[in-house]
Each structure stands twice: as C-alpha cells, then as structure tokens.
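In what follows, a single structure is set out as structure tokens and then discussed.
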Amino acid sequence: MERLDAYAEKLDTAALTATDTPQISIEDNSFTVEEAYQVQAKSIDRRYARGEKRIGIKMGLTSRAKMIQVGVDEVIWGRLTNKMVLEEGRTLSKSKFVHPRIEPEIVFLMKKELKGNVTALEAMNAVEAIGPAMEVIDSRYENFKFALTDVIADNSSSSGLVIGNWHKPDIDISNLGMRLTVNGQDKMFGSSAAILGHPVRSLVSAARMVAQSGETLKPGDIVMAGGATEAHAVSIGETVSLTVQNLGTISITVEA
Ligand code: 0L1
Ligand code: MG
C-alpha cells in the first residue's frame, strides 16, 4: 500500500474504533503539510465509501486560546460529514470517541458558492444563516499530542458538532459574548471576536484554503468558524451548554 494511503487507513481505523494511535510525524519526519491534506482527503474518502455524506467544513485553531492549548499556531481545516452531527439537547456517547473535548463556536450556513480569494463582504453576502455551535474535537493521537502535519491528516480533530437555531445573517457577530457551562457551572467565557478578530475572517480563510485542495464552499454547506476559547475535556454525566449572545443556547449531555 502506498505510504499516504496507509496513513489514511490508520487514522480512519483509529476514528472508527475510538482507539488512539502514534503520531505520524515522529516516525516520518519527511511528512509535509501538503501530504497531510492528501491523507485527510483519503481518510474522508473512506468514510464516503461507507455511505457518509459531506455536509461542509470546519476551521480549526482560529483563536489564540486554541493555538496555545495544543501548541500549533496555524489555521487549519477539516471536512464534516452527516455522521458527525449530534442532536442538540440529546447525548454524546463518550465510548465512541478517544478523548473528546468540546469548544464554543459560531457556524455559517452557505447560500452561494464561495471560492478562492474573497473579501469579507463577499463572504458575508454568501451566507444564508448563522448559528451557535459546539464542536466535539477528538484527536486520534495518543495523549492528544500532535504536530501540525499530524493534526491536519487527522481531519483537524473533527469528530462531532451540535448546532442551534439558525438566524438571519444581519446580526452583528463581531463581538458576541460566548459562555460555556458544565452542569450549570461557568467553565469558559469568550467572545466571537476571539475567532480571528471576527468570525467572517474564518469564512474568508475557509474559501481560500479549500480552494488550495481544489474544492469550493457550496450552497447548503455549513462552515464551523472555530473555537472562541480553549476546549473542555468532557466527562461522563456532564451536561455541556453554550450560550451565544443574541443567538441562543445549545446543550449536550455526555453518557458512557
Ligand atoms: O477545531 C479546532 O480548533 C481543533 C483543531 C485541532 C486541534 C485540536 O484538536 O485541538
Ligand atoms: Mg473547532
């Protein structure tokens, strides 16, 4: 089997069986960012072959808090499938993940195609709706430790998402308060401004970065803009809730 196919199979199996795996970059120090995105695409192709459907993309490491938490300081992206969606107000089965964490985000729903280098105005004009969201990230690597190439190959740790009600995009999202609670206790406070200064910048980056892989953002796609605070490592029995100013509250309960 070709080297990149073998990495894709290894990461796909790790995600499917919720089992951790050693970092690729430790054994292969010639592994490049370009190759890592190819591995990501190949591992997602394996999901499509099992019947999963593409629903959009996620942006990762779009805030300083996130970059510091994992020691990687570049914006990255990953692909989302229908199987990753968790129903708002319901449960997350911890046993289906290796070591899941939850982070507070803003999500966009696209109404127009967006491709390559676009302005913030063009990006906002392509948005149908915005909403509050929580991303469930789950590195497939041992101890949640990775280099930039590793995490890109691992679909940027993408593993689940919870989305709230959609709102018209005429709400000012530049500086919305975001509050994550666990069993009603405050855990993280942030602002949508922590997402690259304004979440629309994440959408601008998304259009440019996916184009480098020959893809576009399409009508109906969702785009997760990235975490506004560091991520919370979840435990069984926790109800994790996010309130985003003017956008509403969403919750998920962690079960075995
Ligand atoms: O969505 C994110 O910002 C996470 C990207 C990958 C790094 C991590 O697993 O925390
Ligand atoms: Mg995220």
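Taking amide hydrogens as placed 1.01 Å from N in the peptide plane, the amide H of residue 56 sits under 5 Å from those of 80, 222, each at least 5 positions away in sequence or on another chain. Just to be sure I understand: with springs between alpha-carbon atoms less than 10 Å apart, which residue in 109, 148, 16 has the highest mean-square fluctuation in the Gaussian network model of the chain? Comparing 109, 148, 16 in a Gaussian network model of the chain, the most mobile one is 16. The phi torsions of segment 34-41, fed into the Karplus equation with coefficients 6.51, -1.76 and 1.60 and a -60° offset, translate into couplings of 4, 5, 4, 5, 5, 5, 4, 4 Hz, rounded to whole numbers, with Gly and Pro shown as x.
Of the peptides 55-63, 37-45, the order by per-residue mean of other Cβ atoms within 10 Å, starting with the highest, comes out as 55-63, 37-45.
Comparing 192, 174, 30 in a Gaussian network model of the chain (Cα springs below 10 Å), the most mobile by mean-square fluctuation is 30. Three principal axis extents of the chain based on alpha-carbon atoms, in descending order, are 50, 43, 35 Å.
Built from the Cα atoms of segment 180-256, the convex hull projects on average onto 6.8 nm², one quarter of its surface area. A helix-only calculation puts the chain at -8000 deg cm²/dmol for mean residue ellipticity at 222 nm, using -39500 (n - 2.57) for each DSSP H run of at least four residues, averaged over all residues. Give the distance, in whole Å, between the Cα centre of segment 36-79 and the Cα centre of segment 124-190. So the separation of the two Cα centres works out to 12 Å.
In this structure, the pairs whose alpha-carbon distance is over 19 Å, taken from 42/145; 42/94; 66/145, are 42/145; 42/94. Taking the average, over residues, of other Cβ atoms within 10 Å as the packing measure, peptides 2-10, 212-220, 73-81, 160-168 rank 73-81, 160-168, 2-10, 212-220 from highest down. Straight Cα distances below 21 angstrom link residue 168 to the lysines 58, 111, 112, 218, with same-chain residues fewer than 8 positions distant left out.
FYI, it's all coordinate maths here, none of it is from the lab. Since the model is a prediction, treat every value here as computed from it, not as a measurement. So basically every Cβ, Gly included, is an ideal-geometry build from the backbone, and we count neighbours across all protein chains shown.
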